[in-house]
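Q: Before I ask anything, let me first share the structure, which is written out below as structure tokens.
All of the numbers you see were taken from the coordinates with simple rules; none came from a lab. Owing to the predicted nature of the structure, the values given are computational and were not obtained by experimental measurement. Cβ placement follows ideal geometry from the backbone for every residue including glycine, while neighbour counts extend to all protein chains displayed.
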Amino acid sequence: MSRIKPCVSLYSLQNEYLTKSMTLKEIMQFVKEHGAEGIEILPDQMLKGSPDISEETLKEWKGLLEETGLKPVIADVFLNTNLYKNRTLTHRESIDLLIKEIKQASRLGIHLIRLVSMVPYWVCEPLLPYCEKYDVAIALEVHAGMAFDIPETKAFIAEMKRLNSPYVGLVIDTGIFCRKFPRVVREYETLNGTSRQVFDYIDTLFEQGTDLHAVLVKNDYQYPAELEAAIQSEHDRMFVPLCDGYENYDFSVLDEYMPFIKHFHLKLFEMTPEGPEYSMDYKALLTYLHEHNYDGYVATEYEGNRFTLPGKPFVEKEQVAANQAYIQKCLKEIQG
Amino acid sequence: MFDNNVFIENTCVNVEENGAVIGYEMQTNITYYRGIPMSMIEYVKVAADGAEVPTEDIRISIDRVDWFTQKEAETVVDYKWEYGEPLYIRVLKDGGLSKGTHKVKLTVATRTAYIPVPLEGIKEREIEIA
């Protein structure tokens with residue numbers, strides 16, 4: 001039997017935090033009010049001094065958890081391999097940074113770390129003893145544009161299978177399950193000068209059940225004639241690679257990975273007035289997860305904020321609220 | 001993508017030290033969605049009324065206490081530019097900006113953990129020096 005639980009990534013409310021419209025406390029209270037059970041946090045975003053947070057910050061964090069009753073599900077961790085301008089970090093330096101993150105997650109009461117896409121596979125084995133000691137699992141994010149067909153992700157998955165430990169797994173971002181190209185991206189980028197023909201071409205790919213990333217990979221990153229014909233300007237040519245991050249996989253791609261999947265990001269570009277998200281069919285995904293006995297959290301990750309049109313208000317709170325209402329309704333229907 | 005974060009409104013002012021105006025200063029939020037050590041600031045550029053400011057005249061700080069040239073900041077890994085907190089940018093120029101209206105353009109780029117090109121944001125503001 002599945003145990004799918006609603007969660008919100010605080011990433012969704014980043015502009016509220018950046019502009020000091022909401023404090024971390026207010027954000028957590030908002031999330032609680034909208035019925036989420038868990039939260040996901042980027043320590044680098046909302047906890048000062050991460051990964052060396054002060055005792056004072058830690059005390060405040062624990063107080064907020066106690067007050068709201070929210071479960072701190074997962075910490076989104078980055079690896080600054082380009083910390084220095086003149087060189088890349090060595091293996092040992094990279095591993096040491098991640099050990100710090102594991103220790104911090106443990107202090108925060110968090111038992112799962114999301115490693116950002118492209119984190120190299122060779123960190124896993126040296127980190128395992130620390131994962132076990134601190135009871136913190138590490139899971140690579142499988143994100144559109146950097147998903148199952150990318151060498152770095154493939155190498156991580158091979159290592160994950162080889163180690164076969166409950167402390168090494170995957171986080172799936174549902175941007176790999178787009179059935180339509182997000183119209184908020186189209187509107188925003190049209191204002192920036194991208195031609196209609198480029199979006200029309202991408203839309204036809206989604207209508208055919210594929211996506212730009214898949215087509216480019218299949219063509220060895222050479223642009224098909226139809227894409228060349230759609231490109232009207234140098235601006236278009238520079239923009240096309242940025243359309244790589246919206247993929248159209250079938251849910252069955254997850255079949256073999258289900259035992260390793262620790263968490264989901266419900267990527268959110270736009271909740272439409274009628275209910276579902278514009279590009280993704282969450283209900284179908286949640287049904288798939290239910291049928292596969294998924295026991296874990298699904299976290300709202302709103303990213304439409306990046307595509308807020310000039311002069312228009314940010315609608316982070318409204319979008320998160322609408323998403324949680326829809327997800328919780330779906331879960332009730334599916335799980336009872 | 002992060003242009004909206006650049007150059008916080010109403011922050012551009014002349015800076016006075018020991019009775020003399022030594023230059024002007026402005027603040028910006030980060031062109032990223034998380035905090036990073038100062039060493040990951042790829043570059044900061046300022047142009048005033050169409051004229052590019054030489055890099056050596058620019059200083060940056062997260063606390064207005066320790067100021068760094070951009071070359072120096074490349075090794076500053078212990079001070080973090082936090083998300084939601086400003087970076088202070090100072091242009092050393094005797095007398096600062098003259099009274100009246102100026103167009104000041106700020107460009108900020110940060111290195112990120114997995115995106116191969118730095119994330120750049122640009123904002124030009126019309127500012128008033130009283």
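Q: Anyone know which of A:V217, A:V298, A:V77 comes out most mobile in the 10 Å Cα GNM of chain A?
A: Evaluated over chain A, the most mobile residue of the options is A:V217.
Q: For the stretch B:30-82 and the stretch A:98-151, compute the distance between their C-alpha centroids and round to whole Å.
A: Here the answer is 30 Å between Cα centres.
Q: With r as the distance between the Cβ atoms of A:Y221 and A:S106 and R0 = 45 Å, compute the FRET efficiency 1/(1 + (r/R0)^6) and round to 0.05.
A: Once rounded, the FRET efficiency stands at 0.60.
Q: Enumerate the calculated ³J(HN,Hα) couplings along the stretch B:14-25 in order (Karplus 6.51 cos²θ - 1.76 cosθ + 1.60, θ = phi - 60°), each rounded to whole Hz, writing x wherever the residue is Gly or Pro.
A: 6, 10, 10, 9, 6, x, 10, 7, 9, x, 9, 9
Q: May I pose another question? So what is Rg over Rh here for the protein assembly as shown, counting just Cα atoms and using Kirkwood for Rh?
A: That ratio is 0.97, to two decimals.
Q: In whole Å, how far is the Cα centre of the stretch A:235-282 from that of the stretch A:1-31?
A: Computed from Cα coordinates, the inter-centre distance equals 20 Å.
Q: Turning to a different aspect of this structure: With only Lys, Arg, Asp and Glu charged, each at its Cβ (+1 for the first two, -1 for the last two), find how big the charge dipole of the stretch A:197-336 is about the Cα centre; round to the nearest 20 debye.
A: 600 debye
Q: First measure r as the distance between the Cβ atoms of A:M258 and A:K133, then evaluate 1/(1 + (r/R0)^6) with R0 = 25 Å and state the FRET efficiency to the nearest 0.05.
A: Computed FRET efficiency for A:M258 and A:K133 comes out at 0.40.
Q: Something else about it: Placing +1 on the Cβ of each Lys and Arg and -1 on the Cβ of each Asp and Glu in the protein assembly as shown, which of A:N248, B:V77, A:F177 has its Cα farthest towards the positive end of the resulting dipole?
A: Farthest along the dipole direction, towards plus: B:V77.
Q: Could you tell me how many degrees, from 0 to 90 and to the nearest 10, lie between the Cα long axis of helix A:55-68 and the main elongation axis, the longest principal axis, of the Cα atoms of chain A?
A: 70 degrees
Q: Hey, got the dipole for the protein assembly as shown? About the Cα centre, +1 on K and R Cβ, -1 on D and E Cβ, debye to the nearest 20?
A: With Lys and Arg at +1 and Asp and Glu at -1, about 620 debye.
Q: What shape does the stretch A:210-324 take by its C-alpha gyration tensor, where a ≥ b ≥ c are the square roots of the eigenvalues and a/c under 1.5 counts as rounded, a/b above b/c as prolate, and the rest as oblate?
A: oblate
Q: Still on this structure: Which Cα, out of B:P37, B:I122, B:V15, lies furthest along the positive dipole direction of the stretch B:1-125 (beta carbon charges, K/R +1, D/E -1)?
A: Working it through, the farthest residue towards the positive pole turns out to be B:I122.
Q: Using only the alpha carbon atoms of the stretch A:183-243, find the Kirkwood hydrodynamic radius as the inverse mean reciprocal pair distance, in angstroms to one decimal.
A: One over the average 1/r among Cα pairs gives 11.7 Å for the stretch A:183-243.
Q: If you place +1 on the Cβ of every Lys and Arg, -1 on the Cβ of every Asp and Glu, and leave all else neutral, what size is the dipole of the stretch B:46-130 about its Cα centre, to the nearest 20 Debye?
A: For this selection, approximately 180 debye.
Q: Taking R0 as 45 Å, what FRET efficiency do you get between B:I129 and A:L191 from their Cβ-Cβ distance, rounded to the nearest 0.05?
A: Once the sixth-power term is evaluated, E becomes 0.90.
Q: Taking each residue in A:74-85, count the Cβ atoms of any other chain within 10 Å of its Cβ, then average. What number comes out?
A: Across the residues of A:74-85, the mean count of other-chain Cβ atoms within 10 Å is 5.
Q: In deg cm²/dmol, rounded to 500, what helix-only [θ] at 222 nm does chain A give when every DSSP H run of at least 4 residues adds -39500 (n - 2.57) and the total is split over its residues?
A: When only DSSP H runs of four or more count, the value is -12500 deg cm²/dmol.
Q: Here's a follow-up. Among A:P182, A:P129, A:P43, whose mean-square fluctuation peaks in a Gaussian network model of chain A (Cα, cutoff 10 Å)?
A: For chain A, modelled as a Gaussian network with Cα springs under 10 Å, the answer is A:P129.
Q: Ranking A:S21, B:S98, A:S2, B:S39 by Cβ neighbours within 10 Å, fewest first, what do you get?
A: In order of increasing Cβ crowding within 10 Å: B:S98, A:S21, A:S2, B:S39.
Q: State, to one decimal in nm², a quarter of the convex hull surface area for the C-alpha atoms of chain B, i.e. the direction-averaged projected area.
A: Quarter of the Cα hull surface area: 7.8 nm².
Q: Please build a GNM for chain A, connecting alpha carbons under 10 Å apart, and tell me which residue among A:T210, A:T19, A:T300 fluctuates the most.
A: Maximum among the listed residues: A:T19.
Q: Put +1 on the Cβ of each Lys and Arg and -1 on the Cβ of each Asp and Glu in the stretch B:3-129; which of B:G96, B:S61, B:A109 then has its Cα farthest toward the positive end of the dipole?
A: About the Cα centre, the residue reaching furthest to the positive side is B:A109.
Q: If each of B:K71 and B:K103 carries a label point 7 Å out from its Cα toward its Cβ, how far apart are those two points in nm?
A: My value for the distance between the label points is 3.1 nm.
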